[in-house]
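Presented below is the structure to which this report refers.
The values are calculated or read from the model by the stated rules, or taken from the named source; none is laboratory data. Just so it is clear, the model here is predicted, and its values are computed rather than measured. Positions of Cβ are generated from backbone atoms using ideal geometry, with glycine treated the same way; all protein chains shown enter the neighbour counts. Surface areas here come from the heavy atoms of the whole protein model, side chains and all, with no ligands, DNA or RNA. Shrake-Rupley method; radii C 1.70, N 1.55, O 1.52, S 1.80 Å.
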Amino acid sequence: MTSTKNAGAVGTRFFTLPVVTLIAISFMLGMSEFIVVGILPDIAKGLSVSEVTVGNLVSLFAFVYAPVTPLGSALSARFPRFATHLTLMGVFLAGNVLCAFAPNYAVLVVARIMIALVSGTLVAIAMTYAPDVTTDRYRTKFIAWVFSGFSIASVVGVPVGTWIANTFGWRWSFHLIDLLTVALIVMMLLVLPRNSHLMKVGFLPQFRLFFDRRIWLGVLAVVFGAGSSYVFYTYLTPIMRDEVHIPEQYLSIGLVVYGVACLWSNLYAGKLAERGRGVEPLYHLRWVFLAHGVLLCSLALARVIPVYGAILLIVLGMFMYLFNASSQVLYMDVAAEAHPGSMNLAASLNSMSFNIGIAIGSAVGGLVNDHLGLAWLGPVGAVFSLCAVATTLSMGRYLKKD
């Protein structure tokens, strides 16, 4: 009954205060997760470690994030939603406070692990508010905008954090995250609905969702898609500086432009996700993955033709998240059809899959950067894109079932 009342109250409006608050939560999660990419050289210099060592924080974050997310999401379904949401935001805040005051690399690692432990579950819980804060008409739009919070973080949060790091020191970037998170927790207390949708199904039975082959194909497509981008994205700042030869004082502007491209990618992903139900929207993106692979191969030309490299980075940003909403539609539709007790778990799968891709892609990127150099990051990323093409092609057999 709560969903019906809220849907009626929302009417034709989409950007209500609860929706904006949930988008803002994903913005803070994105800013906290990706800030390391923007201030990587500053952290390395401040803690007297190599850039590759700091880059490993990206893959470490994802390695923790990926397995914990489905477990935390399945467990959260058995507790009051709002109280769980608020508690996890408190842990998120504590982790970022520890980042700001970390005296050495080891403490920073612990702080990043704390944040990674709760971030994926926070995204999954945000998705479960959909029937309470918007209508079915805006379902894919809500999914796209919640994910777009991460892109907005790339457009605004990460570049601002990078400028703050360059001006006042990298610790102040985390102080900014702490202040904004406190303000966001206040907004949650004021506007988010308190109702819960407790699952009667047990903890372990929810994981029957993983016996569905459509789910596994969706997971693999996202892993390969994210991996293809993060092979080079982890080292985006060094690529801009050393390959495209952007002066250091303009790197923040470069990150803003790249972030705008990523934001467009996330929002347009919502349009692409409207092309059917179940596996169909993701199946239609097989040509997108192929084009992405071709473009990644040409990233090797950035050092030779810097202008082309600069334009190419923008285009690659426009490809980065095109599959996000389509994959989320696949998980939620398959769960609703065949595994209704696993909706919380299904809501977490995109974050889980994406971060597995981040972990693998950034780890591979580190090896490539160490042994072959920045110029090879794009061609190696293209291999992941081709794997995504093969995975989405194999979804064709399930089209008639959806």
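Laid out as a table, the results:
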quantity: Number of the exception - N324 against (1) touching a Gly at 6+ places or on another chain (Cβ under 6 Å); (2) of a type in the set (S, T, N, Q); (3) closer than 11 Å to G225 by Cα; calculated: (1)
quantity: Unmet criterion (only one of (1) open to solvent by 20 Å² or more (accessible area, probe 1.4 Å); (2) touching a residue at least 24 places away in the same chain (Cβ under 8 Å)) for H85; calculated: (1)
quantity: V279, sole failed condition from (1) within 17 Å of S353 (Cβ to Cβ); (2) in contact with a Ser or Thr (Cβ under 8 Å, 6 or more places away or on another chain); (3) open to solvent by less than 10 Å² (accessible area, probe 1.4 Å); calculated: (2)
quantity: When residues of region 237-257 are limited to those that are touching a helix residue (DSSP H, G or I) at 6+ places or on another chain (Cβ under 7 Å) and of a type in the set (S, T, Y), the one surrounded by the fewest Cβ atoms within 10 Å (Cβ to Cβ); calculated: S252
quantity: Scope region 263-276; condition farther than 13 Å from F323 by Cβ and open to solvent by less than 50 Å² (accessible area, probe 1.4 Å); matching residues; calculated: L263, G276
quantity: Count of region 95-138 residues which are aromatic (F, W, Y) and at pLDDT below 85; calculated: 1
quantity: Residues of region 220-236 that turn out to be open to solvent by 10 Å² or more (accessible area, probe 1.4 Å) and among the β-branched types (V, I, T), as a count; calculated: 1
quantity: Count - residues of region 169-195 that are in a helix (DSSP H, G or I) and either within 13 Å of A24 (Cα to Cα) or open to solvent by 20 Å² or more (accessible area, probe 1.4 Å) (or both); calculated: 18
quantity: Cβ-Cβ under 7 Å pairs, at least 6 apart or on other chains, region 103-124 side without any contact (Cβ under 8 Å) to a residue 12 or more places away in the chain, far side open to solvent by 10 Å² or more (accessible area, probe 1.4 Å) and of a type outside the set (S, T, N, Q); calculated: V107/L98
quantity: Condition broken by V52, with the remaining ones in (1) touching a residue at least 12 places away in the same chain (Cβ under 8 Å); (2) under 21 Å from the mean Cα position of the chain (by Cα); (3) open to solvent by 10 Å² or more (accessible area, probe 1.4 Å) satisfied; calculated: (2)
quantity: Matching entry among A300, A359, A346, A338 (being in contact (Cβ under 8 Å) with a residue 24 or more places away in the chain, out of contact with any Pro (no Cβ under 8 Å at 6 or more places or on another chain) and open to solvent by 10 Å² or more (accessible area, probe 1.4 Å)); calculated: A338
quantity: Enumeration of residues in region 310-324 that are open to solvent by less than 10 Å² (accessible area, probe 1.4 Å) and free of Cβ contacts under 8 Å to residues at least 24 places away in the same chain; calculated: L312
quantity: Count of residues meeting criterion [of a type outside the set (A, V, I, L, M) and within 23 Å of the chain's Cα centre (by Cα)] in region 294-346; calculated: 12
quantity: Wholly within region 198-289, helices (runs of 4 or more DSSP H) carrying at least 2 residues that are aliphatic (A, V, I, L, M) and within 16 Å of S154 (Cα to Cα); calculated: 251-272
quantity: Candidates V91, V110, V97, V133 - the one that is open to solvent by less than 20 Å² (accessible area, probe 1.4 Å) and of a type outside the set (D, E); calculated: V133
quantity: Any helices (runs of 4 or more DSSP H) falling wholly within region 321-400 and containing at least 3 residues that are within 27 Å of L204 (Cα to Cα); calculated: 324-338, 343-371
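Rundown of residues vs (1) polar (S, T, N, Q); (2) at pLDDT 90 or above; (3) out of contact with any Lys or Arg (no Cβ under 9 Å at 6 or more places or on another chain), yes/no style:
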residue	(1), (2), (3)
Q249	yes, no, yes
I253	no, no, yes
L263	no, no, yes
Y268	no, yes, yes
R277	no, no, yes
R286	no, yes, yes
H292	no, yes, yes
R303	no, no, yes
L313	no, yes, yes
